[in-house]
Amino acid sequence: MLSQERFAKIDSMLNPKSVAVVGASAKKGTVGNDVLLNLIRDFKGEIYPVNPKGGEIEGKQAYPTLADIPGEVDLVCVLVNAKFVESVVDQAIEKKVQAIIIISAGFKETGKEGAEIEKRMAQKAQAAGIPVVGPNCLGVINPDVGLNASFASKICMPGSLAFVSQSGALCTSVLDFAEERNMGFSKFVSIGNKSDVDETQLLEYLADDPKTKVIALYLESIEDGKGFMDVATRIFWEKGKVVLCLKSGRSSEGAKAASSHTGSLAGSDAVYDALFTQSGVQRIDTIAELFDCASLYTTQPEPKGNRLAIITNAGGPGIMATDAAIRSGLKIASLTEETNAKLVEVMPAAGSIHNPVDVLGDAHSDRYQIATEITMADPNVDMGLIVLTPQSMTDVDNIGEALPPVIAKTGKPVVCAFMGAASVKEGVARLNKQGVPNYSFPESAAAALGAYVKLTNLRTVTGREYMDAAECDVEKASKIIAEYLEGADEKYLTQADCRSIFECYNLPLLASHVSNSVEDAAEFVEKLGGKVVMKVMSDEVVHKFDAGGVLLNIEGGEAAKAAYAQIYANVEKNVPGAKIDSILIEQMAEPGVEVILGCNRDVKGPLVMIGHGGTYAELWKDVAFRLAPFQKISAERMIREIKTFQMLDGFRGAPKKDVGALEKTLLSFATMLVNHPEIAECDINPLIVHDAGKGCSVADSRIMLRRVK
């Protein structure tokens, strides 16, 4: 969490009273000149150019060093060559400035030497308590105070959208696109290499920024996953603000799959999907989608439901809008008889008074206005989409001017899809100017409305409490793990080895016995009674079924002897030279649905998986992921996300399975992983989920322990 002092200094960066530009230049077309001119153009505070030659630059007195500036300095903007930046940071510390922005490039993005300089600078600034944005960034913009401490061509409009980007080059495109859509910003920050101030700290600041309603992020990485999740969760559920994130790097080419099922199934991006899902962050894939959603969230009220009314002047686009709405999880509202009666009075006979409401191609602004007023007043309507195609009779400009006041009075989210380019340009500009989002096509509009509904519904979810781990024996499990790792950096645990750890977390285990001789195996099977499964225990035989190391439905002592010998023979044939530690004999579980629970430990925490289990887990890839620890609602949603849930829920009349026991087991499993970071990988496959009321059973498992350094 940000301390009050840290918060205040970041605020001084974004709301400074004075700015020093180190590297200011009189030469046109340079960054040093552009940044200085940007500040002079709009900033109302003190501006101090810093240049070794002193003199005057752009009408401002220039100073050779920061120390020569007579007054206090809130913000230092650094533009000099990379080799001089560290000395500037030293001067800033000596000057006791409040914050630093390093626009200069040439640091860790260039290699080891640059990374070392960057780290050293950051450590100095942190020791002095001075926040640093950058290096290698575009800069910072706050239109409310006229601050354009960047090399963007011009300052943006004021608004309620905050934008934080790891890419400086992307920022200029975003600013240009926003201007076209008449969108403003509360804060605009390019964080570059994130040597000090990162996305999590800025999220904490923006959480309490009264000017910010929606936060949009472009990120390439998140180092502090737990911190990000904590802050983003608070922003969404406690502060009521929306966070959008465009995270690049979805492809799996760069992923390092671990030997566990979880690692091979996760891919490089599963951890980020889990992180955003649990934090209430809406993940988006494109800049266009970012603006589609942000323009809606910053201008329109939250929907009370998902029932959509469509008003159109063309039948085909109305059908397109209907199809898109259904795909986006919306419902086409059923208008009341009273609404239909009112529409009959004002609509031409050839028009449609049913949803979609077709005002016909000759509709002018007056018909659009009255149809919108009547339709959006219907109690069965939660939101609206107004479609327009530019026909020869259509007064697009007047419609764009007339609709916003009508939309504002509805108290419901309403968007437009004026389809076209040059013919609708002025009409769209009038919509945007008055705070009504326009989309080039109905599909984009429906997708944004559908996303808004999902976010609104997410705010109301229950089950956001964490598991009570009071019944777990954490101390005993830690002792067992320490004993396994004694004298070793890592240790593979077979199913029999896992048992003592699982018992500490009340995971559902079957009666079992580890046997090292044929006679002992026969004796246990006779005594236990019923059918058993016999499995090879060896850290050199990972896929036991494939190696013939698992035999089912063994009953009686003689059968146990034969199975014992058969397992040894199968393993010798399929995994030559593998050392067999023992044979595990386990009670055969009652029939049920097989699922897999797994963990692959990421730097952001344990990534927990649930999916279709058994020998075909990697073939079906029917999986869901969350970062532990997670709440009860996350366990419920994980189970319902996988297609296997249909089998658990009584597919085609089959008995429903004990989903409640599965949820409890999943939470216990996740709690175990959080408490013991030495568990680097873990698979329970299969976990058999029995009929409702009969619980579930761990049928096979493995753990890879690794000493935490």
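The values are calculated or read from the model by the stated rules, or taken from the named source; none is laboratory data. These figures come from a predicted structure and were not determined experimentally. Cβ placement follows ideal geometry from the backbone for every residue including glycine, while neighbour counts extend to all protein chains displayed. Please note that ligands, DNA and RNA were not included when accessible areas were found on the heavy atoms of the full protein model with its side chains. Shrake-Rupley method; radii C 1.70, N 1.55, O 1.52, S 1.80 Å.
Structural remarks
- Annotation note: Cβ proximity below 8 Å between a residue of segment 306-327 that is without any contact (Cβ under 8 Å) to a residue 60 or more places away in the chain and closer than 17 Å to Val453 by Cβ and a residue that is assigned to a strand (DSSP E or B) and open to solvent by 40 Å² or more (accessible area, probe 1.4 Å) (sequence gap 6+ or interchain) occurs for Thr322/Ile332; Ile326/Ile332.
- Count of segment 392-417 residues which are over 18 Å from Leu360 (Cβ atoms) and either open to solvent by 10 Å² or more (accessible area, probe 1.4 Å) or assigned to a helix (DSSP H, G or I) (or both): 12
- Scanning segment 670-709 for residues that are within 18 Å of Ile501 (Cβ to Cβ), open to solvent by less than 20 Å² (accessible area, probe 1.4 Å), of a type in the set (A, V, I, L, M) and part of a strand (DSSP E or B) yields Ile679, Ala680, Ile684, Leu687, Val698, Ile703, Leu705.
- Among the residues of segment 418-467, those that are more than 20 Å from the chain's Cα centre (by Cα), open to solvent by less than 10 Å² (accessible area, probe 1.4 Å) and closer than 21 Å to Pro405 by Cα comprise Phe418, Val424, Gly427, Leu431, Val436, Pro437, Tyr439, Ala445.
- Test: Asp90 is within 24 Å of Ala169 (Cα to Cα), in contact (Cβ under 8 Å) with a residue 24 or more places away in the chain, among the charged types (D, E, K, R) and in a helix (DSSP H, G or I): no
- Taking (1) within 28 Å of Val281 (Cβ to Cβ); (2) touching a residue at least 12 places away in the same chain (Cβ under 8 Å); (3) in a helix (DSSP H, G or I) in turn, Asp176 satisfies each apart from (2).
- Candidates in segment 619-658 are the residues that are open to solvent by 20 Å² or more (accessible area, probe 1.4 Å) and of a type in the set (Val, Ile, Thr); of these, the one that is nearest to Arg601 (Cα to Cα) is Val623.
- In segment 294-339, the residues that are assigned to a helix (DSSP H, G or I) and of a type in the set (S, T, N, Q): Ser295, Thr298, Thr299, Thr322, Thr339
- Pairs, first within 25 Å of Leu455 (Cα to Cα) and charged (D, E, K, R) in segment 328-348, second modelled with pLDDT of 95 or more and open to solvent by less than 30 Å² (accessible area, probe 1.4 Å), C-beta under 8 Å, six or more apart: Lys331/Leu308; Lys331/Ala325
- Inter-residue pairs, beta-carbon under 6 Å, first part of a strand (DSSP E or B) and open to solvent by 30 Å² or more (accessible area, probe 1.4 Å) and in segment 589-603, second of a type outside the set (Phe, Trp, Tyr) and modelled with pLDDT under 90, 6+ apart: Glu594/Gly614; Asn600/Ala258; Asn600/Ser260; Asn600/Thr262; Asn600/Gly263; Asn600/Ala266; Asp602/Val271
- In segment 531-579, the residue that is surrounded by the fewest Cβ atoms within 10 Å (Cβ to Cβ) out of those that are farther than 21 Å from Ala589 by Cα and among the β-branched types (Val, Ile, Thr) is Val542.
- Segment 490-574 holds strands (runs of 3 or more DSSP E) entirely within its bounds, and those carrying 2 or more residues that are touching a strand residue (DSSP E or B) at 6+ places or on another chain (Cβ under 8 Å) and among the charged types (D, E, K, R) map to 490-493.
- Boolean, Asp358 is open to solvent by 10 Å² or more (accessible area, probe 1.4 Å), within 16 Å of Pro442 (Cβ to Cβ) and of a type in the set (D, E, K, R): yes
- Exactly one residue among Ile93, Ile100 is closer than 25 Å to Ala26 by Cβ and at pLDDT 95 or above, and that residue is Ile100.
- Scope segment 340-373; condition within 37 Å of the chain's Cα centre (by Cα) and in a loop (DSSP other than H, G, I, E, B); matching residues: Asn355, Pro356
- Only one of Leu648, Leu705 that is under 19 Å from Ala635 (Cα atoms) and in contact (Cβ under 8 Å) with a residue 12 or more places away in the chain: Leu648
- Verdict on Leu308 being over 35 Å from the mean Cα position of the chain (by Cα), aliphatic (A, V, I, L, M) and crowded, with 16+ Cβ neighbours inside 10 Å: no
- Restricting attention to segment 213-240, the residues that are open to solvent by 20 Å² or more (accessible area, probe 1.4 Å) and either touching an Asp or Glu at 6+ places or on another chain (Cβ under 6 Å) or within 20 Å of Ile287 (Cα to Cα) (or both) add up to 4.
- Of the residues making up segment 649-671, at least one is modelled with pLDDT of 95 or more, in contact with a strand residue (DSSP E or B) (Cβ under 7 Å, 6 or more places away or on another chain) and basic (Lys, Arg).
- Segment 493-519 residues that are touching a residue at least 40 places away in the same chain (Cβ under 8 Å) and surrounded by fewer than 19 Cβ atoms within 10 Å (Cβ to Cβ), paired with ones that are part of a loop (DSSP other than H, G, I, E, B) and among the acidic types (Asp, Glu) (beta carbon under 7 Å, 6 or more apart): Asn506/Glu471
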